[in-house]
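Derivation of every value follows stated rules applied to the coordinates shown; laboratory data play no part. Not measured: the values here are computed from a predicted model. All Cβ positions, even for glycine, are placed from backbone atoms using ideal geometry, and neighbour counts span all protein chains on display.
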Amino acid sequence: MPSDEILRLLRERILHFAASRLSREAAEDVTQETMLLLHEKYPHVAETSELLPLAFQVVRFKMAGQVRKSVRRGESRSIPVEDLPLPSAGDDPERAASRAEMRSRLLAAIQELGERCREIFRLKLEGRNFEEIRAHFAVESINTIYTWDSRCRKSLLEKMGGRWEVQP
């Protein structure tokens with residue numbers, strides 16, 4: 001039997017052996033590496049009775065190396081990208097409902113506040129700082145604005161039932 005035919009049959013047997021224990025791509029890689037090693041390091045081994053056991057010993061070492069490398073890289077624990085869920089652009093329905101409920105509670109509580117508190121909250125929502133709010137109300141001390149703001153927040157919290165979140 002010519003040597004090309006022997007190497008072709010040997011390659012097929014190695015590939016089937018490796019594919020039975022590894023993925024198809026990894027088996028092809030291991031087979032190619034094995035055949036290359038046999039060609040470069042063992043060109044003097046031509047007898048089939050010596051070549052077959054040598055080839056299978058080499059392929060077992062290559063497969064073990066492939067498995068170690070896969071584990072080291074974490075490929076055995078990885079999840080294919082196609083299997084990962086896509087994140088939603090918006091809130092999930094539960095969070096959206098919770099935010100809508102909080103907003104309606106907050107607006108109702110703000111309507112029950114006095115005019116000065118509503119005005120302070122409006123100015124804060126516009127992005128005004130405490131100094132600008134002091135100038136708007138034309139008061140002498142900024143500490144007065146701090147006190148009013150603290151009292152307004154405390155009053156708002158009381159109107160919302162003492163908690164920002166709804167109790168389950």
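So which trypsin sites (Lys or Arg not before Pro) in region 9-63 end up in coil per DSSP with only 15 or fewer other C-beta atoms within 10 Å?
Details: sites: Arg11, Arg13, Arg21, Arg24, Lys41, Arg60, Lys62; in loops: Arg21.
In loop regions of region 9-63 (DSSP not H, G, I, E or B), the sparsely surrounded trypsin sites (Lys or Arg not before Pro) are Arg21.
Given an 8 Å cut-off on Cα distances and at least 6 residues of separation, report the relative contact order of the chain as a percent.
Relative contact order of the chain: 16 percent.
Can you run phi through the Karplus equation (6.51, -1.76, 1.60; θ = phi - 60°) for region 112-121 and list ³J(HN,Hα) in whole Hz, with x for Gly and Pro?
7, 6, x, 4, 5, 5, 4, 5, 4, 5
Nearest 10 degrees, 0 to 90: what angle lies between the long axis of helix 48-73 and the longest principal axis of the chain (Cα atoms)?
So the helix axis and the longest Cα principal axis differ by about 10 degrees.
Just want the answer: with Cβ charges of +1 for Lys and Arg and -1 for Asp and Glu, which residue in Ala26, Pro80, His16 is farthest toward the dipole's positive end in region 1-90?
Pro80
Could you give the alpha-carbon Rg of region 17-92 over 2.2 N^0.38 Å, rounded to two decimals?
Ratio of Rg to 2.2 N^0.38 Å for region 17-92: 1.66.
Tell me, in nm to one decimal, what length is gained between Asp29 and Leu107 on full extension, where the rule is 0.36 nm per residue of separation less the Cα-Cα distance?
Length difference between fully extended and current span is 21.5 nm.
Relative to the longest principal axis of the C-alpha atoms of the chain, give the angle of the C-alpha long axis of helix 3-19, reported between 0 and 90° and rounded to the nearest 10°.
The answer is roughly 40 degrees.
Going by a ≥ b ≥ c, the root eigenvalues of the Cα gyration tensor, does region 98-159 fall in the rounded group (a/c under 1.5), the prolate group (a/b larger than b/c) or the oblate group?
prolate
Relative to the longest principal axis of the chain, what angle (0 to 90°, nearest 10) does the C-alpha long axis of helix 24-41 take?
The two axes meet at around 40 degrees.
Stretched out fully, how many nm does the piece from Ser88 to Ala100 gain, at 0.36 nm a residue minus the Cα gap?
Full extension of this stretch gives 2.5 nm more.
Between region 2-27 and region 103-137, what's the alpha-carbon centroid distance in Å?
After rounding, the separation between the Cα centres reads 77 Å.
What is the spin-label model distance, in nm, from Ile79 to Ala64 if the labels are put 7 Å beyond Cα along the C-beta direction?
3.4 nm
Determine, at each q value in 0.14, 0.20, 0.21 (inverse angstroms), the log₁₀ of I(q)/I(0) that the Debye formula gives when each Cα of region 37-168 is one equal point scatterer.
With no solvent term, the Cα-only Debye profile gives -0.84, -1.16, -1.19.
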